[in-house]
Amino acid sequence: MEVLLQLLVAGAWMVTLANSLRRLLRLARVSQLQRWDSDIRVRSGLNRIWWWLGQEEFWGAARYDVAHALQISLLVFLFVWRMAS
């Protein structure tokens, strides 16, 4: 049971990280770079990712995802705490 609950919390945070990374790559339009073998294209893609990390549009949605993962973590903690009492 403990392992299942730990996996639940870890899974919630993993999904949050994956969603944020996917959103960041979509906003930076990294998928539109056809070939990453050119040093200029790699630098351009990384610059766009870095720029989007400073924008509120990215962080507004990321805050919502983190709040949801925190809510799941808190619910699991309360569930385990109640079971232990």
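The numbers here are math on the coordinates, done by the rules we state, and not lab data. Source: prediction; values computed, not measured. As a convention, Cβ positions derive from the backbone with ideal geometry for all residues, glycine included, and neighbour counts pool all protein chains shown.
Of note:
- Residues of the range 56-85 that turn out to be of a type outside the set (A, V, I, L, M, F, W, C) and surrounded by 11 or more Cβ atoms within 10 Å (Cβ to Cβ), as a count: 6
- Pick from the range 46-55, criterion surrounded by 10 or more Cβ atoms within 10 Å (Cβ to Cβ) and out of contact with any Phe, Trp or Tyr (no Cβ under 6 Å at 6 or more places or on another chain), ranking: nearest to THR16 (Cα to Cα): LEU53
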